[in-house]
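This report refers to the structure that appears directly beneath it.
The values are calculated or read from the model by the stated rules, or taken from the named source; none is laboratory data. All values reported here derive from a predicted model rather than from experimental measurement. Cβ atoms come from the backbone with ideal geometry, glycine included; neighbour counts cover every protein chain shown. In case anyone asks, the SASA skips ligands and DNA or RNA and just uses the protein heavy atoms, side chains included. Shrake-Rupley method; radii C 1.70, N 1.55, O 1.52, S 1.80 Å.
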Amino acid sequence: MPSDCISYQKTGFFTELILDYLDQKQNIAPLYHRFPKLENFKAQIHEKQSNYSADRNNLADVLLRQYENVETSEATNSNIESLRAVNTFTITTGHQLNLFTGPMYFLYKIISTINLTTTLKAEYPENNFVPVYWMATEDHDFDEINYFNFKGKKFRWSRESSGAVGRLSTDGLDDFFTVFSANLGVGKNAAELKRLFSDAYLKNKNLTDATRFLANELFGDHGLVIIDGDDRELKREFIPFVKEELETQISHQKVAETSLLLKQYNVQVNPREINLFYLDENLRERIVLENGQYIVNNSNLRFSKEELLKLVDAEPEKFSPNVIMRPLYQEVILPNLCYIGGGGEIAYWLQLKSFFEASRITFPMLLLRNSALIASKKQSEKLEKLHLNWEQLFLKHDDLLNNVIETLSDKELHFTDLKKALEVQFDTLKSIAEQTDKSFVGAVKAQEHKQLRGLENLEKKLRRAEKRKHAEQLERIISLQDELFPFHSLQERFSNFSEFYLEYGGSLIENLIAELDPTDLNFKIVVA
């Protein structure tokens with residue numbers, strides 16, 4: 001798989017906040033701890049080592065229990081055991097329990113995480129680095145995860161859901177599997193995809209177990225460690241922070257302060273006064289403080305402060321962190337150095353630094369995951385025949401067509417010089433009008449506007465005529481762009497990995513691991 005790349009700035013698909021972060025703009029600097037350069041990991045290692053107080057043996061024991069029914073690779077087992085040692089650190093990514101991994105970028109997140117641990121081991125051989133996938137098992141938005149796209153078609157699992165999605169039974173996916181497998185067709189790779197889906201979702205009792213099985217099948221040989229935070233023993237470590245949140249609402253105060261620094265950007269996450277949910281079977285609802293009582297939304301549950309704090313000690317598993325508190329929970333539990341996420345995730349992590357400081361927990365380094373576009377050799381050859389480059393394909397339809405027409409046409413399609421000449425003439429007329437009769441100035445300006453608008457209309461007509469002249473070639477260009485950018489979206493945000501696995505089989509992941517470098521902050525084009 002040879003690769004090419006373009007800068008994130010030139011893709012047109014990333015927000016101003018993320019681009020400014022990548023450019024290390026001064027106004028963003030207060031929002032992160034250390035930028036994820038290799039040389040900065042030395043100080044991060046030292047700080048985390050001196051500030052990490054969770055029970056490493058407990059962490060390893062919990063992971064071994066969570067893996068009890070999973071066939072685990074030697075690399076993963078070794079990584080779990082290594083977490084008991086004080087010189088072992090994690091690199092973590094997180095993701096929802098999307099059905100059959102959801103969009104392609106699920107793979108890129110984990111590959112970035114695996115590859116960074118390899119790079120860090122070479123740079124700091126005296127330490128161990130473990131790639132971790134933190135499953136968002138406690139999320140409750142089923143509609144966000146119950147589908148995936150395959151060859152332009154949406155495959156959706158329709159059923160009722162409540163409570164944490166990780167606890168959701170996989171019953172009923174047999175019919176879904178029948179429909180999906182019929183669309184896979186026949187062949188070795190199709191058979192392997194059917195096995196992966198069947199073994200993950202038809203042989204495991206809930207979405208947590210199914211997702212762990214699938215991620216382990218895809219990445220276990222590379223030592224990936226998968227963790228489920230919906231665990232009583234892990235949440236015992238988090239008790240002091242849950243109590244502090246219930247008593248002082250510290251997260252709301254600190255995140256609200258930080259959000260002021262992001263006023264020029266579209267801040268993604270707004271903190272609640274209490275950023276915890278009450279979690280039980282088929283129930284995950286916000287905890288709200290009203291008139292001195294703690295109320296669980298959409299339920300009859302009511303607690304005094306004393307009752308709720310006693311419950312935290314007795315049953316910590318009933319308290320579920322939301323998007324604001326979950327990062328803190330993760331960093332309390334893991335000896336983590338760096339979080340790897342997409343643009344949206346990095347954006348909300350940038351709101352959390354002051355909250356971490358107030359909680360006395362080391363803020364992790366934040367690394368934008370790898371992004372990639374997979375193109376076939378045939379598509380790459382089409383690009384060359386059409387005399388295009390990859391950067392052009394990232395343009396919007398109209399911009400791409402206009403860009404191409406400029407190249408193909410033997411005429412000047414911009415009337416810029418004519419417009420400037422017209423403006424000079426009208427400037428002279430306005431000067432004459434002001435010296436003679438100022439009421440005449442308005443008429444001159446109106447005529448100028450009319451003439452310029454007329455030139456713009458002629459310019460558009462000429463451009464349309466040129467597009468008709470080159471219609472066949474333009475159609476081929478748009479067809480290629482639509483293949484690679486389904487529904488005008490990035491391929492990685494739309495297509496499921498199965499579409500590419502069907503073509504390339506197991507070599508897909510191995511080749512992507514070889515091609516993607518998390519320290520290279522560019523968007524990759526991988527030609528397979």
Nearest 5 is fine: what % of DSSP beta bridges in the range 116-227 come out antiparallel, could you say? 60
Angle between the Cα long axis of helix 188-197 and the longest principal axis of the chain, 0 to 90 degrees, nearest 10? 60
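I need to check one value: relative contact order of the chain, counting alpha carbon pairs closer than 8 Å and at least 6 residues apart, in percent. Intermediate values should be presented prior to the final figure.
Working: 776 pairs, mean separation 132.5, N = 528.
Dividing the mean separation by the residue count of the chain yields 25 percent.
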DSSP loop GluC sites (Glu not before Pro) in the range 62-91 with at most 12 other Cβ atoms within 10 Å of their Cβ, which ones? Glu68, Glu71
In Å², what does the accessible area per residue of the range 24-142 work out to with a 1.4 Å probe? 39
Just to confirm my numbers, what's the Cα centroid distance between the range 131-155 and the range 333-370 in Å? 22
Of [x] 48, 32, 23; [y] 38, 27, 20; [z] 47, 28, 23, which is the value of semi-axes √(5λ) of the Cα gyration tensor in Å derived from the coordinates here? [x]
Mind scanning Lys109/Lys254; Lys188/Lys382; Lys48/Lys109; Lys254/Lys353; Lys154/Lys203 and naming the pairs with a C-alpha gap bigger than 19 Å? Lys109/Lys254; Lys188/Lys382; Lys48/Lys109; Lys154/Lys203
Roughly how tilted is helix 239-248, in degrees to the nearest 10 and between 0 and 90, from the longest Cα axis of the chain? 60
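Counting each pair of different Cα atoms once, what's the Kirkwood radius of the range 153-280 in Å, rounded to one decimal?
Working: mean 1/r = 0.0540 Å⁻¹.
Computed over the range 153-280, the radius equals 18.5 Å.
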Computed from the beta carbon distance with a Förster radius of 51 Å, FRET efficiency for Val288 and Gln435 to the nearest 0.05 stands at 0.10
With -39,500 (n - 2.57) per DSSP H segment of 4 or more residues and division by the full residue count of the chain, the 222 nm estimate, nearest 500 deg cm²/dmol, is -15000 deg cm²/dmol
Consider a paramagnetic label point 7 Å from the Cα of Gln253 along Cα→Cβ; state which residues of the range 350-368 have an amide N under 18 Å from it. 352-361
Give the carbon-plus-sulfur fraction of the accessible surface of the range 149-235 in %, rounded to a whole number; probe 1.4 Å, heavy atoms of protein chains only. 46
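Would you mind classifying the range 30-187 by shape? Square roots of the alpha carbon gyration tensor eigenvalues, ordered a ≥ b ≥ c; an a/c under 1.5 is rounded, otherwise it is prolate if a/b is larger than b/c and oblate if not.
Working: a/c = 2.12, a/b = 1.91, b/c = 1.11.
Taking the square roots of the gyration eigenvalues as a ≥ b ≥ c, the range 30-187 is prolate.
Counting DSSP beta bridges in the chain, what percent are antiparallel, to the nearest 5? It would help to have the intermediate numbers written out before the result.
Values: 22 of 47 bridges.
Of those bridges, close to 45 percent are antiparallel.
State whether the range 467-528 is rounded, prolate or oblate according to the following rule on the C-alpha gyration tensor (a ≥ b ≥ c being the square roots of its eigenvalues): a/c under 1.5 gives rounded; otherwise a/b larger than b/c gives prolate, and the remaining case gives oblate. Show your work: numbers first, answer last.
Working: a/c = 2.58, a/b = 1.92, b/c = 1.34.
In terms of gyration-tensor shape, prolate.
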Just to make sure I understand: if all protein chains stay in place, what is the order of Lys205, Lys420, Lys318, Lys25 by accessible area at 1.4 Å, largest first? Lys205, Lys420, Lys25, Lys318
Along the charge dipole of the range 263-374, Cβ charges K/R +1 and D/E -1, which of Gln351, Leu283, Leu373 sits furthest on the positive end? Leu373
Under the √(5λ) rule applied to the eigenvalues of the Cα gyration tensor, what semi-axes describe the equivalent ellipsoid of the range 248-373? Give them in Å, descending. 28, 17, 15
Given a Förster distance of 22 angstrom, what is the FRET efficiency for Ala29 paired with Leu521, based on the Cβ-Cβ distance and rounded to 0.05? 0.85
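Dividing the alpha-carbon Rg of the range 7-64 by 2.2 N^0.38 Å yields what? Before the final figure, lay out each step's value.
Working: Rg = 17.0 Å, N = 58, 2.2 N^0.38 = 10.3 Å.
For the range 7-64, the normalised Cα radius of gyration is 1.66.
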Between the helical axis of 56-66 and the dominant principal axis of the chain, each derived from Cα atoms, what acute angle in degrees is found, rounded to the nearest 10? 80
Two pseudo-spin positions, 7 Å from Cα along C-beta at Ser50 and at Ala471, lie apart in nanometres by 7.2
When the charge dipole of the range 34-164 is computed with +1 at the Cβ of Lys and Arg and -1 at the Cβ of Asp and Glu, the Cα pointing farthest to the positive end, of Asn51, Asn127, Thr117, is that of Thr117
Taking 25 Å as R0, compute the FRET efficiency from the Cβ-Cβ separation of Ala314 and Glu160 and round it to 0.05. 0.25
Tell me, what are the semi-axes, in whole angstrom and largest first, of the equivalent ellipsoid of the range 73-144 as set by the roots of 5 times the Cα gyration tensor eigenvalues? 27, 14, 10
